[in-house]
Amino acid sequence: MWRKLDCPWCGKDVGAPANLGTRRSDTGPKWYQFTLSERSVIRRTSVCPYCSNPVKASQRSQRWILLVVPFFVASIVNLTTFPDFHIPAWAMWALGVLGVIGGILARATTRLEKTSVS
């Protein structure tokens, strides 16, 4: 059903994003990245399970997840203004379906890209 996720380094099929391994990154956070604790200084990076080279999901495919935002905004509005303003159930259902479609499109268009080795 899903398109193959091929490693950009070795070309083998990873299968699913959950199959990617992780390892400690060689670099810490950049000067502009805020860290709350010492644990956040240790960065984890996704690696191919076959060649152990670092990969990342393309940012272009992750934009589809933004289709979930209207559902969450409508839910918050519905919860905070319950006596005065009520969003109809059919609208919430339609926004939920839109969010699910966004999640499916995000997974269907996911590609793996090379990440710097450093």
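No lab work stands behind these numbers, since they all come straight from the coordinates. Bear in mind that the values here come from a model prediction, so they are computed numbers and not experimental data. Heads up, the Cβs are rebuilt from the backbone with ideal geometry, glycines too, and the neighbour counts pull from every protein chain shown.
Each Lys or Arg adds one and each Asp or Glu takes one away; over the other residues whose Cβ falls under 15 Å from the Cβ of I101, this sums to +2. Proximity of backbone amide H atoms, modeled 1.01 Å from N, is registered between S46 and V55 at under 5 Å, excluding neighbours fewer than 5 places apart on the same chain. Could you work out the local net charge near L5, counting Lys and Arg as +1, Asp and Glu as -1, over the other residues with Cβ closer than 13 Å to its Cβ? Summing Lys and Arg as +1 and Asp and Glu as -1 gives +3.
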